[in-house]
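Structure first, commentary second.
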Amino acid sequence: MAHMRDNQIQMPDASEKRYQLHTESLNAIAMAITAESDLEKVFQVIVDAARTLVNANAAIIYHVSDDLTSLKSAAFSYQDPSDHRHPGNGHFMIPLGHGLISDIYFGGVPVRLSDYPAYPRRAKIPTPHVAISKLIGVPLLDRSGRSIGLLMASDKGDGSDFTDEDEKIFLSLARQGGIAVENARLYRELMDSKSNLEAQVAARTAELERKNLELQNANRLKSEFLAKMSHELRTPLNSIIGFSDMLLNQFYGPLNDQQQDGLERVLRNGKHLLALINDVLDISRIEASKMPVRVEACVPRDILMQVLFAVEPLARKKGHVLIHDLEGSPPMVKSDPTKIRQIILNLLTNAMNFTDRGEVRLVSRRVADRWEISISDTGIGIAPEDLTRIFEEFYQVDSSTTRKVGGTGLGLPICLRMARLLGGQLSAESTPGEGSVFTVVLPLESRAPEFD
Ligand SMILES: Nc1ncnc2c1ncn2[C@@H]1O[C@H](COP(=O)(O)OP(=O)(O)O)[C@@H](O)[C@H]1O
Ligand SMILES: [Mg+2]
């Protein structure tokens, strides 16, 4: 017997089926609420579910207007689609005041009628074109229990009255409606604040971009001005240097000691000024992206030997031991030899200038796919707090006028910029009192930067 019963198909009875339908509808509504930001679509799912679940001919949802003076039809559902005939064939408004709809809205409790035409406070609008006899209506409440609309249905298919259970279903659907309204409001607020925020961010970004462009432009103009100025200054200065040199060499006749002394000062200061102008010109050309980079195949050893040859007299004069180790150099690189010479010359000159006596060492080697050149000295060294600052324009550790070594304070900033221009880097390490090491690392193949 047990076997028999197991194989029997259990037909769900009507209420079980309805319960299942109800649960499914609630799930569908919950999904619509989370998936749809469009309130009308959620209302449509609710109103369809309401009508089907209680087997009514028609169902409608009203939603209160923003100014709280009327109720607006928000969604309809009809058993027979031809019943859908409303003023204007679309949505309509019912002013809040007298009538069943207002009563449910203000009353805040469910209403069931078995004889609608007999309702004493019946309003004339809107006049349905289909005679209505039985009605059920429940208010839509928001979270705080305030009425925000209502859900109504008219006439069951079998002509019977709306039941307690119908009312329960309507109440649960109305609760969902309330949640949907709340949700839509929150969503709208979120979107508003989001677009507000986006607008603000966009405005700020545009402002920053404009400022940035202005600054870039100003900086470029400054650099262009400096480049032009320094160039214009060099011409007369070269003539001053040239003529004082000729005078000093007594080309125009003999000089007394005072004249000699004065002219020596003119020449020294003229040369210093020329160095300064040349450095300013270099810096501003790099800054204005006007520094040409000429990449060619070159032999590192040759470049470095030329520089060593140039500083040889200074080393001899200062009594330095100049050591070089170029054995590990890459045999060939693609780079701008003029810039490399300028960088190494600067670093070697510094090493000798800031070393009283001792040795200056130049080591060149290939490390992985890079070319590394280091210049070390046994000089005064640089304190940690000065180590990064020496790459700033015009920064000199000892800037007093009594300092022994002349210089512009632009050498290192130029070296750093040039190394970067070639795709490399320049760094420094130092121990005060013991010495410093400056290291240039360059790619084996530099690419000429693109200028606009
Ligand atoms: N090898 C070095 N040893 C000690 N100090 C150094 C060395 N190289 C540079 N400096 C410090 O860094 C400063 C900036 O160098 P640089 O830009 O070449 O300018 P300048 O040589 O014209 O003073 C120098 O004035 C000096 O104080
Ligand atoms: Mg220098």
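The values are calculated or read from the model by the stated rules, or taken from the named source; none is laboratory data. Quick caveat: nothing in here was measured; it's all calculated off a predicted structure. Cβ atoms come from the backbone with ideal geometry, glycine included; neighbour counts cover every protein chain shown.
Rundown of residues vs (1) over 27 Å from residue 328 (Cβ atoms); (2) within 12 Å of ligand 2 (Cβ to nearest atom); (3) outside the structural domain of residue 430 (by TED's automatic domain parsing), yes/no style:
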| residue | (1), (2), (3) |
| --- | --- |
| 346 | no, yes, no |
| 360 | no, no, no |
| 374 | no, no, no |
| 384 | yes, no, no |
| 394 | yes, yes, no |
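Inclusion of residue 49 among residues that are closer than 22 Å to residue 93 by Cβ and in contact with a helix residue (DSSP H, G or I) (Cβ under 8 Å, 6 or more places away or on another chain) is not warranted. Among the residues examined, residue 400 qualifies as exposed (fewer than 14 other Cβ atoms within 10 Å of the Cβ), at pLDDT below 95, of a type in the set (Ser, Thr, Tyr) and out of contact with any Phe, Trp or Tyr (no Cβ under 9 Å at 6 or more places or on another chain). Against the numbered list (1) modelled with pLDDT under 90; (2) of a type in the set (Gly, Ala, Ser); (3) more than 17 Å from residue 110 (Cβ to Cβ), residue 177 comes up short only at (3).
Close Cβ contacts (under 9 Å, 6 or more residues apart or on different chains) running from residues in segment 408-424 that are assigned by TED's automatic domain parsing to the domain that holds residue 395 to residues that are small (Gly, Ala, Ser) and within 10 Å of ligand 2 (Cβ to nearest atom) comprise 408/275; 410/275. Out of all the residues in segment 324-338, is one or more more than 47 Å from the chain's Cα centre (by Cα), farther than 18 Å from residue 424 by Cα and surrounded by fewer than 15 Cβ atoms within 10 Å (Cβ to Cβ)? Scanning segment 324-338 turns up at least one residue that is more than 47 Å from the chain's Cα centre (by Cα), farther than 18 Å from residue 424 by Cα and surrounded by fewer than 15 Cβ atoms within 10 Å (Cβ to Cβ).
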